[in-house]
Structures are given as C-alpha cells and as structure tokens.
Amino acid sequence: MAGSALRRLMAEYKQLTLNPPEGIIAGPINEENFFEWEALITGPEGTCFEGGVFPAKLIFPPDYPLSPPKMQFTCEMFHPNIYADGRVCISILHAPGDDPMGYESSAERWSPVQSVEKILLSVVSMLAEPNDESGANVDAAKMWRENRDEFNKIAERIVRRTLGIPT
Amino acid sequence: MRALAISLFSVALTTIVVANAYYQKKQFYPSVVYITKSNPSMAVIYIQAFILVLLTGKLMSKVFFGQLRTAEFEHLMERAWYAITETCLAFTVFRDDFTPKFVALFTLLLFLKSFHWLAEDRVDYMERSPVISMLFHMRVLFLLLVLGSLDFHFVQHAYQSTMTNGASVQLVFGFEYAILLTMVANITIKYVLHTIDLSSDAPWEDKAVFLLYTELVMGLIKVILYVAFVAIMVRIHTLPLFAFRPMYYTIRDFKKAFNDVILSRRAIHNMNTLYPDATPEELQAADNVCIICREEMTTASKKLPCNHIFHTACLRSWFQRQQTCPTCRLNILRAPTPTTQQPRQEQRPRPQPVPNPFGAPLPFFNPFQPLPNENAQAPAPDANQAVPPTTPPAQTTIPQPSRQGGTQQPPLPQFTVSPFMPFSFPRFMSPPPIPPQNFRSLSSEELRRMEGNERENVEARIKCLQNIQVMLDAAVLMMNQYTLSIATSSTMPSPVPQTSTETTNGNAEPTATSNSSKETEEPNDNSSSSGSSASVGSSNASNHASVSLTETDSTVISPEEELRRRRLQRFQQPVEQQQ
Ligand SMILES: [Zn+2]
Ligand SMILES: [Zn+2]
C-alpha cells in the first residue's frame, strides 16, 4: 500500500477532477510526482482581478495532510497577502502555532479537514477581499488602503499580462 | 554540452602535459618525477582527476538512480557544499598530512557520502511514489550492498591502521565511515519497512511507530559516535571544528526523534484509555469517511469526546502534532471525559493535575463571577483579623461579611448561575478562600501563622476547582442524557428507550445526589415523561413524540415545572434540527 499522503493526494485529485469548483483547475504537474501540483485560478468576478488566469504551484510536504502545503503564484502578482516572490500568505496555509504575521486566530488554520479545494477557494476569496492587516506585501497593502485606483490599475495590468495581452 | 567541452579540454591539457614531459625526459620515471615537481603540471593533473571523479559520479548515479529528480539534485548540492566546507576545515587541522593520497581519500569519502544521501532521498521517496518498479528494488538493494560493504571495509581498515600505527588521520576516516554505516543501516530498515508496506493491500498502521523507533535508535547511535569522536580528537589532537555542524544536527535530530516518540506514546496512551472505539452503528451514522485520510472507516476507529470519528492510526499521527480534534479543534487534553466512574467523585480527588487556580481561565464559564473583585477587596479571614492599621483605608471601608465571623469558614460568594445550567450549585461546592492581598504589612510571626492557613486555603481552592470539574463533567453527562432521552423517545417508540435512559440515569445520579432534590428528580422525570409519551403514542412520528413530551409537562402548572419545560425545549431544538 502506498503512503497515506500519496493516497490522500490521489483522492483529492480525483475529487477535483470529477467535481471541479468553478474557476479553478488543479492537478499534479507530473503524474509520477503527486507532491507538486500546479493550479490555475480565475480572478473572481466583480473584482479588480476579474478575467485574469493566475498560475500557481503547490508543494506538498511528505506528511500531508498533517502539515499544510506551500503555495506560490508563478506569475507576477501584486496583492497585500502575496509576497513579492509569489508565496501566498493566508491563515489556512499555516499550521496552528506558527504565525508569521501574528494576527491569525487558530480557528482558520490548517488542519487535516482542509483540502486543496478549500485552499484554492480561500485564495479566490483572498483575491476578492485582501486582508490588509497582513503585511506579506506592505506596499500593496498600503496602496489597497489609500490609493485604490492605482491598485486597480496595477491589478489590471497583471490581468492583461497573464492573458498574454500586451499592456 | 558545456560539461563535455570542459572534459575534452581537460583531457587535451593532460595529454599536452604528459606529452611534454615525455618529450623532454624520454623515459617513464624521469617524466613522472618531472610532472610531480612542476606545479602547473600538477594542477592540470588535479583538474583532470577531479573531472574524472565527476564523470564517474555521473555514470554511477545513472546506473543506480537513473534520472535524478530536481529536488534530489538540489538537496545533494546543498549538502555537498556543506560537506566541502567541512572538508576544507578538516584540511586545516591535518595540514601536516596534506598529501595527494590524503586528498584522494577525502574525495572518495565525499563521493561515497553523496551516494548515501541520494540513496536516503530515494528510499524516502518510495512512500510518495505511485510507481515502484522492479528495477527500483534492484538498484536500491545493490547500492545498499555496495555502500555497506565499502563502509565496513573502510571502518575496518581505519581500525587496523590506528591499532598498528597509532592515532592518525585514519581516525577521522574510520569515524566518518562508521557514521555512514549507521546511515546505510537506517536506509535499509526504512527500505524494508516501505517494501513490506507496499506489498500489502491494507494500510500498515504500525509502520509509523517502527519508523519512529528506528529513527530514535539510529539517532542515539550517531550521537554516541559523535561524542566519542570529539572526545578522542580533543585528547589526541585539537578540537575538531569540522565535526561540530553535523554533530549539532545529529543531536537536534535525536532530540526531535525522542520528542516524537514521547508524543506518540502519549497519543497512543490517550487513545487507548480515554476514547472509545467507534461502534459500527456510529460509523454508519457518520458519513463513514475519515476526514484525515479521506478513506472509508472499516478498520479500527476512535470516537473523540466531541463525537467526531477518525481512524485510530490517522488520529495517532495527528495527535503527535496537536492534541486537538481535527474537525472542531476541541482540545482533547482539556476536554471533560464523560466516563462511567462518576460515583463519589466529590470525595476522591481527581487524578488529573489541577490547573493553576487563578491563572488558567475556566473552560466554560466562571461560577465565581465576583472572584476577581473579591480577590482585590477581601483578604482571607485570618489575615484580616491580623491586619494592622497600616492597611489601605480602601480595604477597611468595604463591607466584608467574613469579618464579623472571623472563623475558618470562608465567605460565600454570590453565584451567578447561567440560565443554561440545568441545575443550581450543589452544597458540596465550598467556595475558595481568598488570598490576602498585601504581605508586606504583616509581621514575620503573622506570616508564619498565615502560612499554615494559606496551605489550607490553597487546598480548599484546589478542591473547589476539582468540584467545578466534577460539575462540568456532570453537566456534559446530563446534556448527553437529555439529547439521548429525546432522541430515543422520538426514534424508537418501544419500551427499549426507557431502559436505556434509565441506565444512563443510574450513571448520572450519584453525581447529582448532593444536588438539591429538585435536580435529582429532573432526569427521572424526563425519562418517565419520555416513557409515557412512548406508551401513549407508540405509532407517533418523531416530532409528535417530542411535542407530546412537552405537553405532558405543561399540564402541571408550577413555576419550577415551567422553567424546566423551557429548558427541555431548549435542548430539544438542536436535536430536532439535526433530524
Ligand atoms: Zn483515516
Ligand atoms: Zn471534534
């Protein structure tokens, strides 16, 4: 019998393929390695990220689902909760106990109940509603708070870039 | 492409150097002497050797591993850099022995080390790979055999050399190869465990435990080896700085393995003692999928106090990380356990350690709402009497009921009973004595006198907390009972529910004996009413049964009954919503 992490990832992959949530595609990059996934996330409608298709990479730890995966956008992103290198900083991706920003309640943290689907849905809602208290990208948080027009302009540029439209 | 160009260039250079030497000296031995004497020629020869080693390494890794995964390669590079810096450090210690042979031995050591790392990564990957071919097994087995025998040979060689020639660099090699030998043993054990697991169709639950103990034992052996090595080196040479980083990591890993074993043991112990196995009916009632592994629960499963059910093995590995329910995050170490051993708990102190009386917040609510205030206002009765007039006037102006009595009997705090509490406070609840606020104003004799009293007071406080705990247990039990009696009366209109509720009553009653009589009769009433409703409307559907239950109650008009009826309704609501 294969390892439990592998079996669970296979089950989640099957589930995501059979019932894909709207606007989200995810799966292993290579079917020989289930611990590295790629995901495509569509920008939520009615937000400044609407229309964009954002590629991201998910790296699962060997002890998944006891520990959370890591998620990193592979395209350029400008968002209060995404580091400049694309790493996503939301509470569902943090195990209780480690709190890089010191603001998260443990109720939203990682636990085996969570899943790839829930992570991706949280990321979609994060795109729609940034949490500007988290300082993953301080510039973006500040701009989101104080200069929304400028923020929207940058977001639009990123959306166009992900679609391959020249800006 | 670039690698090929470099290798070709290096071969060409070497040929030129050798040809030049031979052209000048015409004979073999003089040519060799010429090359070794000339620094540029030696440099070329060294580079050639280095490239040869790299090429051999590539060939070997192709033979034993095929294509390296990116992660494996990165891991290898990272570790190689550390190893190279450590080797350079080691060179500074042994600069007297700096000969080509010595350099060659160190290179060989590094070379073999990298194969150990790769083998380790590969075997760890077994658990995560969906396809393990026959070729994989052949490669791993052959590699382990080769590495193991080489390590063994070098350890033996180093041992004999040290025995005959005394301590030398060979000591370092012997020690390094001994470490590598433990690594081979570790990898082999892991490989065997993974292979057994892969060959069976059902998940092997104890594998995690075996792996844990393997890690612990191997960690211990490595730590002993490192400590022995450092001790020997310090005695005969100098401080082996180059061994410190790996030693630090080994000790850290060992500590982690030790912690893991302790946590795992605790988790297993908790699971075996505190949580019941889930019955087939409970598995049927739940949706039967373990939320941790997303697989069906057909094998051993456990039910937590919050009624969430998981595989025993899944829960065990989770509890090593956190002692919470994965679904609802209930802290299972602090949660009250509704056990059947309720009787006479008020006399017997509970085995669990009592939390710090005033530090930790109480789980549900604070029965002594005025406690923090009184803490500031009212010192303990005895201390009060002895308070000299220097005490702040604010304290004396506040009316203190304990003052008139001045006895050992502590003051009675006013209870603020939550409306959700199905019973008022029983008599055995003696309120905690309050510690005096200011010790500075007391003389040493008074303090000594107080010490004795304080001890009693602390004991009383602990007892009080124990009582609270018992009460909370009882509260949980009663809640269960309410839901159970309602559920049974509504689902099974036969005499069976009556007996079942009565048995749970029997369990609950002893805790409630010291409660007021009103409280003890309540559950009885509850069950009898459910029984009567069952007998009256045996064909009724679930909703009817619960309605008739409330109706029978409402025929009796007394304020107490009215209150109870409302409480019952409150408990019924969630149950009905669930159905
Ligand atoms: Zn499970
Ligand atoms: Zn739970």
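Bin by bin, in steps of 10 Å, what percent of the Cα pairs in segment A:7-60 do you find, going until the bin that has the longest distance?
24, 48, 23, 5
Which residues does a label at B:H137 reach in segment B:178-204, if reach means a backbone N under 19 Å from a point 7 Å past the Cα toward the Cβ?
B:187-204
Roughly how big is segment B:164-242's charge dipole about its Cα centre, with Cβ charges of +1 (Lys, Arg) and -1 (Asp, Glu), in debye to the nearest 20? Walk me through the numbers on the way to the answer.
Details: 4 positive and 6 negative charges, 92 e Å.
With only Lys, Arg, Asp and Glu charged at Cβ, the dipole is about 440 debye.
Just the accessible area for B:D197, please: 1.4 Å probe, Å², rounded to the nearest 10?
Near enough 10 Å² of accessible area.
Given points 7 Å out from each Cα along the Cα-Cβ axis, report the B:Q156 to B:V230 separation in nanometres with one decimal.
The modelled label-to-label distance comes out at 3.2 nm.
Can you give me the solvent accessible area of A:M143 with a 1.4 Å probe, rounded to the nearest 10 Å²?
Around 50 Å² of this residue is reachable by solvent.
Roughly how large is the B-A contact in terms of buried accessible area, totalled over both chains, probe 1.4 Å, nearest 100 Å²?
Numbers: alone 33890 and 8900 Å², together 40600 Å².
Buried area (both sides, nearest 100 Å²): 2200 Å².
Strictly over 19 Å apart at the Cα level, which of B:K58/B:K222; A:K70/B:K256; B:K256/B:K302; B:K62/B:K113; A:K118/A:K153; B:K26/B:K101 would you flag in this model? Write out the running numbers ahead of the final one.
Numbers: B:K58/B:K222 29 Å; A:K70/B:K256 23 Å; B:K256/B:K302 27 Å; B:K62/B:K113 16 Å; A:K118/A:K153 29 Å; B:K26/B:K101 27 Å.
Table pairs above 19 Å Cα-Cα are B:K58/B:K222; A:K70/B:K256; B:K256/B:K302; A:K118/A:K153; B:K26/B:K101.
Taking R0 as 25 Å, what FRET efficiency do you get between B:T92 and B:S149 from their Cβ-Cβ distance, rounded to the nearest 0.05?
Details: r = 32 Å, r/R0 = 1.27.
After rounding, the FRET efficiency stands at 0.20.
May I ask you to compute the full-extension gain from B:V103 to B:K58, defined as 0.36 nm times their residue separation minus their alpha-carbon distance, rounded to one decimal in nm?
Values: separation 45, 0.36 × 45 = 16.20 nm, distance 2.03 nm.
Computed gain between B:V103 and B:K58 is 14.2 nm.
For labels at B:M163 and B:D277 in the simple 7 Å Cα→Cβ model, what's the distance in nm?
Between B:M163 and B:D277, the simple spin-label model gives 5.5 nm.
Using a probe of 1.4 angstrom, how much of the accessible area of segment B:19-120 is carbon and sulfur, in percent?
On the way: 4550 of 6490 Å².
Of the solvent-accessible surface of segment B:19-120, carbon and sulfur hold 70 percent.
Once you place label points 7 Å from the Cα toward the Cβ at A:M10 and A:E76, how far apart are they in nm?
Roughly 4.2 nm, to one decimal.
The values are calculated or read from the model by the stated rules, or taken from the named source; none is laboratory data. As the structure is a prediction and not an experimental result, all values here were calculated from the model. Methodologically, a virtual Cβ is constructed for each residue, glycine included, from the backbone with ideal geometry; neighbour enumeration extends over all protein chains shown. Only protein heavy atoms, including side chains, enter the accessible area calculation; ligands, DNA and RNA are left aside. Shrake-Rupley method; radii C 1.70, N 1.55, O 1.52, S 1.80 Å.
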